[in-house]
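These notes concern the structure reproduced below.
The values are calculated or read from the model by the stated rules, or taken from the named source; none is laboratory data. Owing to the predicted nature of the structure, the values given are computational and were not obtained by experimental measurement. As a convention, Cβ positions derive from the backbone with ideal geometry for all residues, glycine included, and neighbour counts pool all protein chains shown.
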Amino acid sequence: MEKMVRPVPFLDLRAQLAPLRSEIDAAIASVIDRTAFILSDHVTAFEQDFAAFCGASHCVGVDSGTQALHLALRALGVGPGDEVITVPNTFIATVEAIIYTGATPVLVDVDPDTWLIDPRAVERALTPRTKAILPVHLFGHPAPMDEIRALAAGVGAVVVEDACQAHGARLRGQRCGKLGRAAGFSFYPGKNLGGFGDGGAIVTDDAELAALARSLRHHGQGAKNIHDHVGYTGRLDSLQAAVLRVKLPHLDRWNGARRRLAAHYRRRLAGSFRMPRVLDGAEAVHHLFPIHVADPDQTVSRLQAAGVSCGRHYPIAVHLQPALACLGRGGGSFPVAEELCAGIISLPIYAEMDEEMVDAVCSALL
Ligand SMILES: Cc1ncc(COP(=O)(O)O)c(C=O)c1O
């Protein structure tokens, strides 16, 4: 029988929301009072705030992170016949976004130290059809963007960041969202900046791209009742924008707390488990705190019995998912990513945790 430690949930959104509750209630009430549900000034105001937070010129609010990646790629002209390079150890949405454009996803293996896209593998995968590279800032760790941008520039490809786990992260002082031609963010409730449902945003300095994405999210409409493109119902809701706008001013503080907790985990677990290295010059925001273990299912059950809830991100590499059998890449195609996925577990990390809770997780683990 395991010794009971203080219960630690994987995430505690109630604790995050409690101090903001009256402000959020007022923000929601103002949307309802004005029945301003679609593309209101709530959306515009949040877009301005989030662009400024990222240090970018434009933000286009959309209905999910997947849509943000999809529309960014589509607005950059990615389509059938093109190849887009990304990684196998990500959420399936990264690859779905490529497939929606009609382009072909080309997966490359990851670096065994950082667990992020490996620039040497990207170099080997470049072809005359490479139109875009889509690195993922996995777990909130910035990917090696200098190398990726240089490789893309060499073949005239564009770089789109999958920043769905990296709100506020920095590489050499610049925020994720500023490190490629465009970036896609998710505001899924459990993200470092999360709404009360689905939501997402494209962030870019490219005015033309932003204008096209803005049109595509709204049925391709340019001027009122003129549809220049076949687009989507892909807008960020006003209610989500109003909630996100209340939360955004707290994001840097929340990310700082995550960094302190991650440092404490590292001190306690160093030498006992494999953990991904954060790149030199990067400031991670630790959306997740992954470790690699020999027996993930048993470890998760053992921790659960001790009151600690864990996650698995992501136990099956995307090319081994039934839905992506079409990629034609079987087991053994990407040995580093496959081995990492098979042994990964995510420990609880959120701003309202304290070091005692990290100690409780580590004691249960060790
Ligand atoms: C790495 C990554 N890419 C894309 C997405 C898709 O975001 P959404 O769920 O908002 O569509 C997510 C979110 O779960 C993600 O973690």
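Kindly evaluate residue 97 against the criterion of being modelled with pLDDT of 95 or more, touching a helix residue (DSSP H, G or I) at 6+ places or on another chain (Cβ under 9 Å), of a type outside the set (D, E, K, R) and assigned to a helix (DSSP H, G or I).
Yes, satisfied.
Each row is one residue, and each column tells you yes or no for (1) of a type in the set (Val, Ile, Thr); (2) part of a loop (DSSP other than H, G, I, E, B); (3) assigned by TED's automatic domain parsing to the domain that holds residue 221.
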site	(1), (2), (3)
25	no, no, yes
28	yes, no, yes
32	yes, no, yes
45	no, no, yes
49	no, no, yes
52	no, no, yes
56	no, yes, yes
66	yes, no, yes
70	no, no, yes
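Annotation note: Cβ proximity below 6 Å between a residue of the stretch 262-285 that is farther than 25 Å from residue 167 by Cα and a residue that is surrounded by 13 or more Cβ atoms within 10 Å (Cβ to Cβ) and at pLDDT 95 or above (sequence gap 6+ or interchain) occurs for 268/362; 273/291. Answer yes or no: is there a residue in the stretch 157-164 that is in contact (Cβ under 8 Å) with a residue 12 or more places away in the chain and over 27 Å from residue 251 (Cα atoms). Checked against the condition, which is being in contact (Cβ under 8 Å) with a residue 12 or more places away in the chain and over 27 Å from residue 251 (Cα atoms), the stretch 157-164 yields at least one hit.
One residue is enough: does the stretch 27-37 have a residue meeting the conditions surrounded by fewer than 24 Cβ atoms within 10 Å (Cβ to Cβ), in contact with a helix residue (DSSP H, G or I) (Cβ under 6 Å, 6 or more places away or on another chain), more than 21 Å from residue 145 (Cβ to Cβ) and not hydrophobic (A, V, I, L, M, F, W, C)? No - not one qualifying residue is present in the stretch 27-37. The strands (runs of 3 or more DSSP E) falling completely within the stretch 132-249 that include 1 or more residues that are out of contact with any His (no Cβ under 7 Å at 6 or more places or on another chain), within 30 Å of residue 315 (Cα to Cα) and more than 16 Å from the ligand (Cβ to nearest atom) map to 158-162.
So which residues in the stretch 265-308 are of a type in the set (S, T, N, Q) and surrounded by fewer than 17 Cβ atoms within 10 Å (Cβ to Cβ), if there are any at all? 272, 298, 301, 304, listed by residue number. Being touching a Cys at 6+ places or on another chain (Cβ under 9 Å) and among the small types (Gly, Ala, Ser) holds for only one residue in 65, 61, 55, and it is 65. When residue 120 is tested against (1) in contact with a helix residue (DSSP H, G or I) (Cβ under 7 Å, 6 or more places away or on another chain); (2) surrounded by fewer than 21 Cβ atoms within 10 Å (Cβ to Cβ), exactly one condition is not met: (1). Screening the candidates 282, 211 for the property of being small (Gly, Ala, Ser), over 30 Å from residue 29 (Cβ atoms) and touching a Pro at 6+ places or on another chain (Cβ under 8 Å) yields one hit, 282. Taking the condition touching a residue at least 24 places away in the same chain (Cβ under 8 Å), touching a helix residue (DSSP H, G or I) at 6+ places or on another chain (Cβ under 6 Å) and closer than 26 Å to residue 243 by Cβ, does residue 182 pass? It is true that residue 182 is touching a residue at least 24 places away in the same chain (Cβ under 8 Å), touching a helix residue (DSSP H, G or I) at 6+ places or on another chain (Cβ under 6 Å) and closer than 26 Å to residue 243 by Cβ.
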